Amino acid sequence: MVISVNPIAGSRCSLARVDRLVELLKTHDLEPEVLTDLEVVAQKTNELHQTGDLRALVAVGGDGTAQELVNRTQPGVPITLLPSGNENLLAKYLGIGRSPEDVARVVAFGKPIQLDASRANDRVFLLMLGVGFDAEVVRRVHDWRTNHRQTGHVRSRNYIKPILSSIRTYQYPEIRIEHDDYFLPGADDSLPGMQMSLPSPLAARWLFVFNLPCYGGGMQFTPNAVGSDGQLDVCAFRRGSLWHGLRYAGAVYCGRHQRLADCISGRVRRMRIAADDEVPYQLDGDPGGTLPVEVEVLPGRLTVLTPPVSTE
């Protein structure tokens, strides 16, 4: 098995947890190999996977680390995480704890399951895509860290200044969403945002697309998203301003945003997102680029090890 570690981003605490994980895995007659170069990690992982000798690829880090490794390895490679990022949304969704003991148990006794991933242009993402204000904040955080040569994990405090800067300058340009299918299973026609037919293109100012119901800060834009249904869950808001953003955020936290007349939600398999202005998008909390972007679901693309069912 392979453990992927970023020596630049890893803190002393993270590296100590990796050492402990190696010790624990050896007690289960596993042979962990700790690697730090992503190209070497991908090559070794793919070789072991092809020969049937790979138990798991352990990604030490957060959601961005997991995404990077999935993009570099073959479909079907079983991956799990030693969480050491900021949000660790995928690990939380899968129920993987932060301790080396938790992760060793997952590797030794966990079962592989397949979840959907998605492709944005030529990039695979695991959790979600965001377009608009949140992507602008992500871009500013990334640019600041790059300009100041900051390494290590992104902390919540790193977002404060980019959020304030974005509030002052972001113009909320119109986003156009084109799709070839639209599903609202069990939709209630009495809810204003729940429309059984959707114009294409759809115009919005905020857009969120999910494989899994995971977003930072505990916000659930698509709480009923299923990671294995072969569809993308979409949540779009039509109006753009700070006031409307605060209104939408409050409604999301209260679980009432789908009742808003200017909220559209549903499911698609593929979509094209464009704008006349330069609008950024983010993938799993990392910068993805600027529009336009073609998005499609990849059913069963992600193989993950999940914690074993407790018998206690």
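What are the equivalent ellipsoid semi-axes of the stretch 31-147, built from the alpha-carbon gyration tensor (square roots of five times its eigenvalues), in whole angstrom, biggest first?
Equivalent ellipsoid semi-axes, largest first: 26, 17, 15 Å.
For the chain, find the longest principal axis of its Cα atoms and tell me its angle to the long axis of helix 160-169, 0 to 90°, nearest 10.
For helix 160-169, the angle is close to 30 degrees.
Choose one of Trp206, Ser265, Pro162: the residue whose Cα lies farthest towards the positive end of the charge dipole of the chain (beta-carbon charges +1 Lys, Arg; -1 Asp, Glu; about the Cα centre).
Most positive-ward Cα: Pro162.
With both partners inside the chain, how many of the DSSP beta bridges are antiparallel, as a percent to the nearest 5?
Just about 80 percent of them are antiparallel.
Amide H of Ala117: which non-local residues (sequence gap of 5 or more, or other chain) have their own amide H closer than 5 Å, using H built in the peptide plane?
Residues meeting the criterion, in which the H sits 1.01 Å from N, are Leu298, Gly300, Arg301, Leu302.
Give me the extension gain from Cys13 to Arg239: residue separation times 0.36 nm, minus the current Cα-Cα distance, reported in nm with one decimal.
77.0 nm
Using only the heavy atoms of the protein chains and a 1.4 Å probe, how would Arg119, Arg105, Arg301, Arg239 rank by accessible area, largest first?
Heavy-atom accessible area, descending, gives Arg239, Arg105, Arg119, Arg301.
Just how many pairs of Lys in the chain have C-alpha atoms closer than 26 Å, counting pairs that are eight or more places apart or on different chains?
Number of lysine pairs found: 5.
Let me know the charge dipole size of the chain about its Cα centre in debye, to the nearest 20, where only the beta-carbon of Lys, Arg (+1) and Asp, Glu (-1) is charged.
Computed charge dipole of the chain: roughly 940 debye.
Please sort 302-308, 25-31, 63-69, 222-228 by packing, taking for each peptide the average over its residues of neighbouring beta carbons within 10 angstrom, highest first.
The densest-packed peptide leads the list: 63-69, 302-308, 222-228, 25-31.
Gap in Å between the Cα centre of the stretch 218-284 and the Cα centre of the stretch 76-128?
23 Å
Keeping all protein chains in the complex and leaving out DNA, RNA and ligands, what accessible area do you get for Asp229 with a 1.4 Å probe, in Å² to the nearest 10?
Asp229 has an accessible surface of roughly 50 Å² with all protein chains in place.
Rounded to the nearest percent, how much of the accessible area of the chain (1.4 Å probe, protein heavy atoms only) is carbon and sulfur?
That fraction is 49 percent.
Just to be sure I understand the model, the point goes 7 Å from the Cα along the line to the Cβ. What's the resulting Leu298 to Lys92 distance in nm?
According to this spin-label approximation, the distance is 2.5 nm.
Quick check: the angle from helix 242-254's long axis to the longest principal axis of the chain, C-alpha only, nearest 10 degrees?
60 degrees
Could I get the Rg over Rh figure for the chain? Both from C-alpha atoms, Rh via Kirkwood, rounded to two places.
With Rg and the Kirkwood Rh in hand, the quotient comes to 0.98.
Helix 12-26 against the longest principal axis of the chain: what's the angle in degrees, Cα atoms only, rounded to the nearest 10?
60 degrees
The values are calculated or read from the model by the stated rules, or taken from the named source; none is laboratory data. Since this is a predicted model, take the numbers as computed values, not measurements. So basically every Cβ, Gly included, is an ideal-geometry build from the backbone, and we count neighbours across all protein chains shown. To get the accessible areas, we keep the full protein, side chains included, count just its heavy atoms, and leave off ligands, DNA and RNA. Shrake-Rupley method; radii C 1.70, N 1.55, O 1.52, S 1.80 Å.
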